[in-house]
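This report concerns only the one structure given below.
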Amino acid sequence: MASEYHNPFGIAQAQFDLAAEKLNLDQNLRAVLRVPQRELSVNFPVKHDDGSIKVYSGYRVQHNITRGPAKGGIRYHPSVNLDEVRALAMWMTWKCALVNIPYGGAKGGVIVDPKLLSMTELERLTRRYAAEISVIVGPERDIPAPDVGTNAQVMSWFMDTISMHRGYTVPAIVTGKPIEVGGSLGRVDATGHGVSVITREAAKHIGLRLEQAKVVVQGFGNVGSISAAQIGEMGARIVGLSDVSGGYYNRRGLDVHAMLDYIKQSPTKTLEGYHQTGTERLTNSELLEIECDILVPAALENQITGLNAGRIRTKLLIEAANGPTTPEADALLYDRGVLVVPDILANAGGVTVSYFEWVQGLQEFFWSEEEITERLDRIMVRSFASVLEIALREKISMRLAAYLVAVKRVAEATTIRGIYP
Ligand code: NAD
């Protein structure tokens, strides 16, 4: 039992089961929704700069496409596996339904450490992976985006590869592209910005003043760094930060912008070697246990489990990462009165602006950054308020409340469409 609960797909299914039970969902519908609709596994060769050839494995999983095309990022990480991609795809289905954008859920991944590849190797790997999964993606079928280990440049190569195959440019095949090739203003910051809006709303709800709040952020990539910078700009003190190189703690507050500058010029693209007066080094697990008001995991799954949940000392847990908390930890934190804002709500800003990018690409008409931010903020604030209202009314966790909204929407769409044939 315990090991199944650390399998991300087992966790995703357990979270779904709780919601299905509470909704009293028809058993046949449960059977349909708790498994992915399509799974593609690919093994493909990539020529390295020294002439050697290595075979890589990757996946693209479409969990559900009932409410619209599948949507979800592509992860490049050594620990990618099919069950992780399945879980991430399922979480995308619920996330898109929760913020009510017309998408299903998907995810992709390649088992690779992108930091060990040269730029040319990374480009060849991306182009070949794009060609391999081209059979199931498309602007009206499945639209990838960046996730851990991928970025706007990777999306640009992906888009170019599909465009070369088709013989014309297909900007709406991916989101999170560079602005120069049809990306949306505000997309790079969107997930972290959404996290900061949710943090502000959650703090307001528990009566926590951000000017007096101590914040710890795990992960300093796209999501973690922008969340930390923006929550800091709202007045909070970022006392702890970490990345793959470990944790950094300063009770007077870390200089997030100096850390961002440091990482940009670092040959390893990590915080390794960063110094600031009064800053202590910690392990990533010690970092999570720092006493703080707001804890923001923004790295990978399974960071807060039954083993360390009892030692987490925060008032608010804002899940910027996907799947950072196991169900066992969820229950312990709920009993201890920690307000957990679930991933499918907290980090939904990314897919929301991805949706804006896709819409702009399809209509070839682009919005201003103010329009993007204003629409994004409205969706995040509204989604937070509706989930909180259900959580308070039903006396349940915000995760279960969010799942009730999302699963109900997908279940209703499935019922209305009917079972083919
Ligand atoms: P990223 O690759 O930009 O950054 C990942 C960060 O995590 C890096 O700082 C890395 O050093 C750190 N990290 C890796 N292993 C770690 C470990 N064991 N302990 C601590 N830190 C570690 O990825 P990202 O896009 O920022 O994604 C982070 C999380 O947010 C993921 O769960 C992802 O699925 C989720 N997410 C991302 C987006 C998006 O728009 N990029 C949207 C929604 C959710």
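The values are calculated or read from the model by the stated rules, or taken from the named source; none is laboratory data. Just so we're clear, the structure is a prediction, and the values are computed from it rather than from any experiment. For neighbour counting, all protein chains shown are included, and Cβ atoms are generated from backbone atoms with ideal geometry for every residue, glycine included. Remember, those area values only see protein heavy atoms, side chains included, never the ligands or the DNA or RNA. Shrake-Rupley method; radii C 1.70, N 1.55, O 1.52, S 1.80 Å.
The lone criterion from (1) open to solvent by less than 10 Å² (accessible area, probe 1.4 Å); (2) polar (S, T, N, Q); (3) touching a Ser or Thr at 6+ places or on another chain (Cβ under 7 Å) left unmet by Q62 is number (3).
Among the residues of the range 27-66, what is the count of those that are among the aliphatic types (A, V, I, L, M), in a strand (DSSP E or B) and closer than 19 Å to A106 by Cα?
So the first thing to find is which residues in the range 27-66 are among the aliphatic types (A, V, I, L, M), and the list is 29, 31-33, 35, 40, 42, 46, 53, 55, 61, 65.
Keeping just the survivors that are in a strand (DSSP E or B) gives 40, 42, 46, 53, 55, 61.
Right, trim to closer than 19 Å to A106 by Cα and you get 40, 42, 61.
Residues in the range 27-66 being among the aliphatic types (A, V, I, L, M), in a strand (DSSP E or B) and closer than 19 Å to A106 by Cα: 3 in total.
With a requirement of 3 or more residues that are outside the structural domain of P8 (by TED's automatic domain parsing) and more than 13 Å from the chain's Cα centre (by Cα), the helices (runs of 4 or more DSSP H) lying completely within the range 314-371 that satisfy it span 349-363. Selection of the range 219-272 for residues being small (G, A, S), within 11 Å of the ligand (Cβ to nearest atom) and assigned to a strand (DSSP E or B) yields S242, G246, G247. Between E286, E280, E272, the distinction of being under 21 Å from I226 (Cα atoms) and open to solvent by 50 Å² or more (accessible area, probe 1.4 Å) belongs to E272 only.
Beta carbons closer than 8 Å, at least 6 apart along the sequence or on distinct chains, pair a first residue in the range 257-275 that is closer than 18 Å to G232 by Cβ with a second that is among the hydroxyl-bearing types (S, T, Y) and part of a helix (DSSP H, G or I) for M259/S225; L260/S225; I263/S225; L271/Y262; Y274/Y262. Taking the criterion of being under 18 Å from A190 (Cβ atoms) and either within 16 Å of the ligand (Cβ to nearest atom) or not hydrophobic (A, V, I, L, M, F, W, C) (or both), would at least one residue in the range 109-128 satisfy it? No, every residue in the range 109-128 fails to be under 18 Å from A190 (Cβ atoms) and either within 16 Å of the ligand (Cβ to nearest atom) or not hydrophobic (A, V, I, L, M, F, W, C) (or both). Looking only at residues in the range 395-421 that are assigned to a helix (DSSP H, G or I) and without any contact (Cβ under 8 Å) to a residue 12 or more places away in the chain, the one that is farthest from A346 (Cα to Cα) is I416.
Could you list, in sequence order, all residues of the range 376-421 that are within 29 Å of L185 (Cα to Cα) and open to solvent by less than 20 Å² (accessible area, probe 1.4 Å)? Of everything in the range 376-421, those that are within 29 Å of L185 (Cα to Cα) and open to solvent by less than 20 Å² (accessible area, probe 1.4 Å) turn out to be L376, M380, S383, F384, V387, A402, A406.
Being open to solvent by less than 10 Å² (accessible area, probe 1.4 Å), under 19 Å from the mean Cα position of the chain (by Cα) and not hydrophobic (A, V, I, L, M, F, W, C) narrows it down to one residue among G192, G149, G186, G138; which is it?
Details: G149 fails: open to solvent by less than 10 Å² (accessible area, probe 1.4 Å); G186 fails: open to solvent by less than 10 Å² (accessible area, probe 1.4 Å); G138 fails: under 19 Å from the mean Cα position of the chain (by Cα).
None of the other options fit; the residue is G192.
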